[in-house]
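Written out below as structure tokens is the structure these notes cover.
What follows draws every value from the coordinates through simple rules; no lab data is involved. Predicted model only: the values in this text are computed from it and were never measured. Positions of Cβ are backbone-derived with ideal geometry, glycine not excepted, and every protein chain shown enters the neighbour counts.
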Amino acid sequence: MKSPLLSLPGAVAAEGRDEGVAAHYGDLFREQRALADGSGFVDLSHRGVVAVTGDDRLSWLHLLVTQHMTDLAPGRATEALILSANGHIEHALYLVDDGETVWAHVEPGTRDELIAYLESMKFFYRVEVADRTDDIAVVHLPAGSIAEVPEGAVVRETPHGRDLFLARADLESFAASHGPAAGVLAYEALRVEGHRPRLGFETDHRTIPHEVGLIGSAVHLQKGCYRGQETVARVQNLGKPPRRLVFLHLDGSEVLLPAHGAPVRLAADGEEGRQLGFVTSAVRHYELGPIALALVKRNVPVDAPLLAGNTAAAQETVVEP
């Protein structure tokens with residue numbers, strides 16, 4: 001779905017997973033600084049929006065997702081995962097309940113599969129699942145923003161800012177009164193700086209929540225059964241995850257950023273060394289320069305210099321080995 005805000009001055013369309021919204025509006029670092037200072041907004045209207053209504057919505061979701069949902073108070077934001085039977089991450093949901101409806105925004109391209117799964121699990125529960133992407137758009141206000149929330153918008157407030165579920169028809173009027181707009185590249189730069197994993201970037205078909213630091217934020221360890229719980233409990237109590245998320249400071253002399261999936265090796269072994277992981281997200285940050293997240297084997301020494309593709313990298317621990 002193409003955002004009408006691509007008509008704003010300077011807008012350059014994003015590609016790949018974020019197609020449909022602006023990558024930037026002409027000045028990537030200015031847009032990052034604006035978000036860091038609590039001004040402006042980010043158009044995330046390409047994300048899927050799913051609504052769950054009905055008297056049983058919280059207790060029903062509680063049975064399906066990794067988060068504790070039965071006591072979710074209206075207006076309190078949370079996030080949750082849906083796992084495979086083997087505990088691998090399949091879906092990530094960013095949630096808020098407004099007292100009548102649980103609203104979730106999800107990664108572009110995952111909405112249809114998620115809805116199909118939810119529909120298959122309704123059984124006798126008093127719930128209705130609806131795709132609201134056509135009429136509701138997501139926009140992000142950064143932490144510290146004092147911008148007024150439009151009437152009727154549902155707010156999901158987190159330490160990183162506020163996600164608004166806004167009528168899609170109001171996007172252009174919202175932009176006119178809440179500028180300046182920042183593109184998804186600025187949003188991604190702050191996400192990587194904050195070590196926040198993203199489905200399909202920091203995860204692959206075999207990622208478990210422990211590897212990317214989602215225990216606690218998206219996985220509640222004191223709740224009842226859900227699909228994949230056995231893996232979560234076993235790793236939490238008896239084992240260690242096979243991989244771990246790391247933050248990388250990249251050599252700033254390189255012109256190109258390493259691509260998603262670029263191999264990570266020990267710098268001492270050179271480009272012919274054994275692959276120990278892969279780059280998940282690489283960005284240019286207005287203060288830190290080129291930075292990245294990567295998923296590496298657990299036994300990679302935490303202080304070892306690395307190569308991300310052919311770029312030298314110093315690592316910081318995100319998930320302890």
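Brief remarks on what is shown
- The convex hull drawn around the Cα atoms of the range 153-209, when projected onto a plane and averaged over every direction, covers 5.5 nm².
- For q = 0.26 Å⁻¹, Debye-computed log10 I/I(0) when each Cα of the range 91-183 counts as one equal scatterer: -1.54
- Mean-square fluctuations from a GNM of the chain, with a 10 angstrom spring cutoff on Cα atoms, peak among Ser145, Ser84, Ser173 at Ser173.
- Residue order, fewest to most beta carbons within 10 Å, for Ile146, Ile291: Ile146, Ile291
- Percentage, to the nearest whole number, of Cα pairs in the range 214-272 over 18 Å apart: 57 percent
- Candidates per chymotrypsin sites (Phe, Trp or Tyr not before Pro) in the range 69-143, loop by DSSP, up to 15 other Cβ within 10 Å: Phe123, Phe124, Tyr125
- Sequence-distant contacts, meaning Cα pairs under 8 Å at least 6 residues apart, place the relative contact order of the range 14-116 at 26 percent.
- Set the Cα radius of gyration of the range 48-131 against 2.2 N^0.38 Å, with N its number of residues, and you get 0.98.
- Based on Cα contacts under 8 Å between residues 6+ apart, the chain shows a relative contact order of 19 percent.
- Neighbour-count order for Leu185, Leu250, fewest beta carbons within 10 angstrom listed first: Leu185, Leu250
- Semi-axis lengths (Å, descending) of the ellipsoid that matches the C-alpha gyration tensor of the range 1-140: 31, 16, 14
- Packing-based exposure ordering (other Cβ within 10 Å, fewest first) of Arg265, Arg17: Arg17, Arg265
- Volume per residue of the C-alpha convex hull in the range 242-321, rounded to whole Å³: 81 Å³
- Considering only alpha-carbon pairs that sit under 8 angstrom and 6 or more positions apart, the relative contact order computed for the range 177-262 is 28 percent.
- Base-10 log of normalised Debye intensity for the chain (one unit scatterer per alpha-carbon) at q = 0.11 Å⁻¹: -0.72
- Loop sites in the range 221-304: GluC sites (Glu not before Pro), DSSP, at most 13 other Cβ within 10 Å: Glu287
- Added length on full extension, which subtracts the Cα-Cα distance from 0.36 nm per residue, Gln236 to Leu266: 8.0 nm
- Averaged over residues, the count of other Cβ atoms within 10 Å places the peptides 38-46, 236-244 in the sequence 38-46, 236-244, highest first.
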